[in-house]
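Nothing in this text is a laboratory measurement; each read-out follows from the coordinates by a stated rule. Note that the structure is a prediction, hence the values are computed from the model and not measured. Glycine also receives a Cβ, built like all others from the backbone with ideal geometry; neighbour counts cover every protein chain displayed.
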Amino acid sequence: MTADRIEVVDGDITQQTVEAIVNAANNSLLGGGGVDGAIHRAAGPELLEECRTLNGCATGEAKITRGYRLHASWVIHTVGPVWHGGNQSEPELLASCYRNSLELAAENNIASIAFPSISTGVYGYPIELASEIAMSETKRFLDRNTSLKKVVFVCFGNRDYQCYLNTIPKIFG
Ligand code: AR6
């Protein structure tokens, strides 16, 4: 059952015990605020050193690095769209963040991964809409992939957590 492989938690993504955590980065991949800042602080300066070698990342795409001082062995950096009202390919770009991150995980034999709520902080994407994309894209992936055993959606605070919980039945029935 696909739904048995997803989990929603209220917490800090840097503290998750999974093989890979996803970073909601920007095109430079050179750090920032929000979850990006928290991940770089927890991983240590070696993460930034490796990110410097990647030449940035296009919106909707994903790149992988080591996790350094994190519990997670890997960080998958993806760049969500900035919300401009929804008519500038934001849904497609956000979906491709999840799809490309999950594909990178599978290619690297990663069995467990945690996502933050990409684009819903500084980038302003409404979380009700974003959570539906996060879960529907993940469901689509898990339905045809068996190597990934666990996908954790890490919500930062109770409001976001409740929103994600409300989305589960809409997507997983
Ligand atoms: N663990 C889990 N989620 C977190 C954490 C954490 N430690 N800290 C924040 N969040 P944001 P974006 C949540 O703004 O909207 C950065 O500067 C947060 O509450 O981090 O994709 C980058 O460099 C929100 O729900 O990312 C980019 O410039 C979610 O993570 C820009 O922000 C995403 O919020 C990316 O903006």
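Which percent of the Cα-Cα distances in segment 88-173 go past 20 Å?
31 percent
For K170, which aspartates and glutamates qualify as cross-link partners when the Cα separation must be under 14 Å and same-chain residues fewer than eight apart are set aside?
Partners found: E128, E132, E137.
Among the DSSP beta bridges whose two residues both lie in the chain, what percent are antiparallel, rounded to the nearest 5?
25 percent
Name the residue, out of G31, G85, G124, whose mean-square fluctuation peaks in a Gaussian network model built on the chain with Cα pairs under 10 Å.
Judging by the Gaussian network model, the answer is G85.
With a/c under 1.5 counting as rounded, go ahead and sort segment 42-115 into rounded, prolate or oblate using the C-alpha gyration tensor (a ≥ b ≥ c being the square roots of the eigenvalues; past the cut-off, prolate if a/b is larger than b/c, else oblate).
prolate
Restricting to DSSP loop positions (anything but H, G, I, E, B) with no more than 14 other Cβ atoms inside 10 Å of their own Cβ, which trypsin sites (Lys or Arg not before Pro) remain in segment 47-109?
Filter output for segment 47-109: R69.
Could you work out the local net charge near G60, counting Lys and Arg as +1, Asp and Glu as -1, over the other residues with Cβ closer than 14 Å to its Cβ?
Charge balance in the 14 Å sphere: -3.
Based on the mean of other beta carbon atoms within 10 Å per residue, what is the order of 150-163, 105-118, most packed first?
Highest-to-lowest ranking by the protection proxy: 105-118, 150-163.
Return the equivalent ellipsoid semi-axes of the chain as a descending list in whole Å, where each equals the square root of 5 times an eigenvalue of the C-alpha gyration tensor.
Result for the chain: semi-axes of 22, 18, 15 Å.
Using alpha-carbon positions, what is the distance between the centroids of segment 24-63 and segment 94-144, in Å?
17 Å
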